[in-house]
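Read-outs: derived from the displayed coordinates by stated rules, not from any lab. What you see is a predicted model; the values in this text were computed from it and never measured. Ideal geometry is used to build each Cβ from the backbone, glycine not excepted, and the neighbour counts take in all protein chains shown.
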Amino acid sequence: MEQLSPSSSSSPNRSQAQKRRPRKPLNCDPCRHSKLKCDRGLPCATCLKRGWQDSCAYGSNFTGPQKRRRTRLEVAEPVPQQQIQVQSVEVTETVSSPSSTPEPIQQRWDHILRRPSVERSVIPDSPNPTVTLSFGPCVPITELLALLPPTSVTEYLVCRYFGTLSSLFHILHGPTFQTQYLDFLGAPEKTSLSWLAVLFAIISLTLKTIEPTDAGLVVLWQDTTIPRDLSVLSQKYRNAAMTALSQDQFLVRHDLSTLEALLILVHMISHNEGPEYGWALLGSALNIAIALRCHTDIEGPNYIEQERRRRCWAGILIIHTYQALCFRDIDLTFLLNMKATMPAWVNDKDIQEHSIKQSPKDSPCEFTDTSLLKFQVRLFQLSTQICSHISGDDKLNMTILHQYDTAVAKEQLQWDAAYLVNGRRSILNTAGYAHWCMLQTYAHQLYLLLHRPFHSSKASHFRAESRDKCIKSGLALLDVHHQFYELPRLKCYRWLVKGAISCNALHGAVALTSCMLDMPDTSDLTEHISAVDAAITRMEALKMKSPACSSVYRVIRCLRSYLSKRDPAPTLPEDVELRFEDWATNVDWFRPDGIDWTDDATTMMT
């Protein structure tokens, strides 16, 4: 028998030792590295909390991308297909990395401080949120769907919105909405409540812009139970939009459709009721936009969603501009300091999922779907700087006055190049002319804010040029109001005079009145007084249309009482203009019931 050598006799033991299974780590790699408690899930709770789920692995138990991805999907509850695709891409990219070590400590810290997203679907092994902020009883989606007009009327109103109105506040991506609308027609009960709120908001706004005799509403009037008052109908659908948002728990759960619906509603309220009525809702929209990270450069799953986020943020800036120009109690520099990327200034059709077709040349004369949006965002930036300047100690600095005055004039030249034909309004582009008129209200508001400290001849820093500028801008604001109210070609935009446009006209009337009271006795003010009288006539016709117009009408009538006593001039007290300035500065124009109309300043000429 062959004798075994010592070396050969130990071979089985050595082979047995080599086959010994390595010790399975109890904690995942990131938890072992950071010495944190691990619940041994995949991913574990600690990694989920700190955003390390892509690095959560268990040493030798982690055998590769396919097994890891399969294991995660097996333990998770089903989620919508789009989320699965996004998650798969992220996991594939992570596991393809040669290293499975946790991220650098600074990046981990950033993940910890990142605002968590609010999940719409239930997370496995977690309690449902106890925060519920719905208003009113539960309303089934079938009841909300029953509120919609007949399908043909709904489609007509949507088409009219995108054909005429959307360009005034172009935050929706038309092709995306069309896809969503067709999906809705195929399965209405499966639509999201947030998107349904967008549809209700569009219907509500469009009904504000047409007449009851419009041919597109014939089918609607066949139902005799529906009131023929379009204001009542518009309010009904606006309430339906808010109900849909409430049922969706929009204050604790939100998506881009939630934000789009809110912005359309706030924009409508600002132009129909007055900017002050949309202030609280605008604050909610701002915070939801921050929660959705619309103010950051975070990349979306595709270019369309990325542009939707950027347009929503641009819309928030634009609506805040209305607030800043109408009221003096807000500083918007905090928004200016958020360096968010603005939308691409292209047509809707140029934005695809995987690319954006940029225009061959960047010219102010090139008109796109987002031209007005671009100009309004630039005005937000400029108006925020100007409002901050006039609220500071340096508001009498002549050099800065000229700089800002030149900057506003430069913007006006760009609008002329984009919308006018040889300096005159185009008869072929009604929408473009409406946009130009809207932009002019911004410009002349800014001129009044800049030149107001210099317009009075009784002030040591008086500038005759500033008084002339205030007169010119005051007349311009009244003229814009006149055009939106009376021009037949702007009929579909007439709804704008019920809110912010009328508030702007009031600002113009106050400035014009102040300047006329300061003019020499020999001045011919017939044209200026006629402009104020015409504004009073329009406001009287509008006073029952909105709270803003009702308030403006009462104030502008008081202004006219000053002018009616101007002739003969010698009967006026010498300090009438200064007393008017003091009164005009300290009253709250938008609460006429709170104004003491019997004060000496208002009765000094009776």
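Across region 153-231, the relative contact order, built from alpha-carbon pairs under 8 Å that are at least six residues apart, equals 44 percent. Proximity of backbone amide H atoms, modeled 1.01 Å from N, is registered between residue 421 and 426 at under 5 Å, excluding neighbours fewer than 5 places apart on the same chain. Residue order for 356, 501, fewest other beta carbons within 10 angstrom first, comes to 356, 501.
Classify region 268-422 from the C-alpha gyration tensor, please: rounded if a/c falls under 1.5, else prolate or oblate depending on whether a/b exceeds b/c. Walk me through the intermediate numbers first.
Numbers: a/c = 1.85, a/b = 1.22, b/c = 1.51.
Because a/c hits 1.5 or more and a/b fails to exceed b/c, region 268-422 counts as oblate.
Anything over 30 Å Cα to Cα? Flag those among 35/339; 190/236; 236/543; 49/374, in the order listed. Don't jump to the answer; show the numbers that get you there.
Values: 35/339 37 Å; 190/236 23 Å; 236/543 21 Å; 49/374 39 Å.
Table pairs above 30 Å Cα-Cα are 35/339; 49/374.
Can you figure out the FRET efficiency of residue 187 with residue 252, using R₀ = 22 Å and their beta-carbon distance, to the nearest 0.05? Could the numbers behind the result be given before it?
On the way: r = 26 Å, r/R0 = 1.18.
It comes out at approximately 0.25.
Cβ-to-Cβ counts within 10 Å put 563, 263, 379 in ascending order as 563, 379, 263, the fewest first.
By other beta-carbon atoms within 10 Å, ranking 444, 389 with the fewest at the front produces 389, 444. Using the Karplus relation 6.51 cos²θ - 1.76 cosθ + 1.60 with θ = phi - 60°, the per-residue 3J(HN,Hα) values for region 382-388 come to 5, 5, 5, 5, 5, 5, 5 Hz, with x marking Gly and Pro. Using every pair of distinct Cα positions in region 141-350, the Kirkwood expression returns a hydrodynamic radius of 17.8 angstrom.
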